[in-house]
Amino acid sequence: MRTFLITAGAAGLAALLVWGLSGLPPFGSYPGPYGEVLNSFAVGERKATDVVSAVNFDYRAFDTMGEEFILFISVAGAALLLRKVEEEEHDSQEESESEDRQPGRAAPPTSDAIRAFGVALVGLTVLFGLYMISHGQTTPGGGFQGGVILATAPLSVYLAAEARTFQRIAPHDLVEWSESIAAAAYVVLGLAAVVGGAEFLRNVTPLGEEEKMGSSGNIFWLNLGVGVEVAGGFVLLLSVFIREALERRLRRESK
Amino acid sequence: MSPGFLAYAVAAFVFLCGLWGAATSRHLVHMVICVGVLQTSTYVLLLAIGQKAGGVAPVYYGVPHDLTAVDPVVQALMLTDVVVEATVVALLLALAVQAHKHAGTLDPDALPRLKG
């Protein structure tokens, strides 16, 4: 019975795959007209030399708002799922010694190499993340990519330094608030156009000069907001995944 | 064999790898990663579809603005795809943590049946 099901399923999948692949446009000659139109107008219209960013944060900005809130909600969902566990397990937490390691094995102290490399990495990561966010409209990059890069800076701190330092540079409340405010800023900027009598998310800020930081109007500001939101979201995600280990490390350090 | 066939074949191959891994997985974290691999096949597919013969990347920084570039719309779609995959993986891993807390195992076959 099992073999029959697998054979039938695999045959069906193979047929679907072949059918789907044979219907694809020949490689190198995509017939879609929108890409061509955007490629020839985006730079002049929006002063954005990265057309992909122009699509995401201007021509399709409404879809990107949905994308941003997918991220927001799933971070909230993960935090909710893992928070519940923590409450249930609170009594047994003290006796169980399992950290982010095998039980019964002593945690090795952080090596000097990791400390030195981690500290050196933090400055570079922050700089690269900020560059990525602020230049999304000119070169490949933007809020989503830069935000994730920014969020890895606290991760290096967690790996290289004391748990207390991690809490100091990424306090939970601040992260949560900045994430929420940045997510809301997207909608507010969109509504600003409506107040002025235009469509939701139409450009309302000065376009500036192409190939310069801060150009392309809304594309730049939305990237900035999304960058903060994504960085906050990923730091939040990180801290709910490592929360138990973090708390145990904090207890050990305060002893 | 044309290079175009190769790009689509890579997408199909990565898809099947992820599917095979997820179907035969004996560990929930392994399964989540397999789903992630499965989804990366859509990146290859989207980028391959948007290819234009002789096209450059749709970034006009420091180059003449009348160059032929590949389709930016599918690339923007791919970016959305990456974000969705990251969130899906994060949520699935959180569920795996939950499953381990409740059942004490990460083997999908050993998980107890759902009770209402």
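The values are calculated or read from the model by the stated rules, or taken from the named source; none is laboratory data. Keep in mind it's a predicted model, so treat the numbers as computed, not measured. Reconstructed Cβ throughout: ideal geometry from the backbone, glycine too, with neighbour counts over all protein chains shown. Areas reflect the complete protein model, heavy atoms only, side chains present, ligands, DNA and RNA absent. Shrake-Rupley method; radii C 1.70, N 1.55, O 1.52, S 1.80 Å.
Observations
- Approximating the spin labels as points 7 Å out from Cα along Cα→Cβ, the A:Arg164-to-A:Leu80 distance works out to 3.6 nm.
- With Cα atoms, 0 to 90° folded angle of helix B:3-24 axis to chain B main axis: 10 degrees
- Angle of helix A:2-22 to the longest C-alpha principal axis of chain A, folded into 0 to 90 degrees and rounded to 10: 40°.
- Value in Å of the Kirkwood radius, where the stretch B:3-103 supplies the Cα pairs that are averaged: 15.5 Å
- Of the residues B:Met31, A:Met65, the one with the largest accessible area comes first in the ranking B:Met31, A:Met65, computed with a 1.4 Å probe on protein heavy atoms.
- The charge dipole of the stretch A:145-255, taken about its Cα centre with unit charges on the Cβ atoms of Lys, Arg (+1), Asp and Glu (-1) only, comes to about 660 debye.
- Note on chain A: with a GNM built from Cα contacts shorter than 10 Å, the maximum mean-square fluctuation among A:Val187, A:Val148, A:Val226 falls on A:Val187.
- Probe 1.4 Å, all protein chains present, accessible-area order of A:Phe27, B:Phe15, largest first: A:Phe27, B:Phe15
- All Cα-Cα separations within chain A were binned at 5 Å from zero, giving a P(r) of 1, 6, 10, 12, 13, 11, 10, 10, 9, 8, 7, 3, 1, 0, each value a whole percent of the pairs.
- For the protein assembly as shown, the dipole from Cβ point charges (+1 on Lys and Arg, -1 on Asp and Glu) about the Cα centre works out to 620 debye, to the nearest 20.
- Approximate spin-label separation A:Arg243-B:Ala103, in nm, with each point projected 7 Å along Cα-to-Cβ: 2.3 nm
- The stretch B:54-101: radius of gyration over Cα atoms, expressed as a fraction of 2.2 N^0.38 Å: 1.93
- Inter-chain neighbour count for B:51-58: the average number of beta-carbon atoms from partner chains within 10 Å of each residue's beta-carbon is 5.
- Percent RCO, i.e. relative contact order, over chain A, from Cα pairs under 8 Å lying at least 6 residues apart: 26 percent
- Fully extending the segment from A:Phe41 to A:Val119, taken as 0.36 nm per residue of separation minus the present Cα-Cα distance, adds 23.7 nm.
- Between B:Leu19, B:Leu28, B:Leu91, the GNM of chain B built on Cα springs shorter than 10 angstrom shows B:Leu91 fluctuating the most.
- Of interest is the spacing of the C-alpha centroids, which for the stretch A:31-67 and the stretch B:43-116 amounts to 20 Å.
- Surface accessible to a 1.4 Å probe, per residue, for the residues of the protein assembly as shown, Å²: 54 Å²
- Tilt relative to chain B, helix B:72-103 - C-alpha long axis, 0 to 90 degrees, to 10: 10 degrees
- Chain B: relative contact order in percent, alpha carbon pairs under 8 Å with at least 6 residues between: 26 percent
- All-pairs alpha carbon distance profile, the stretch A:141-255, 5 Å steps from 0, percent: 2, 12, 17, 18, 14, 11, 9, 7, 5, 3, 2, 0, 0
- Note on chain A: GNM, Cα springs under 10 Å; of A:Leu13, A:Leu201, A:Leu155, the largest mean-square fluctuation is that of A:Leu13.
- Positive-end residue of B:Pro58, B:Phe15, B:Thr42, charge dipole of chain B with Cβ unit charges: B:Phe15
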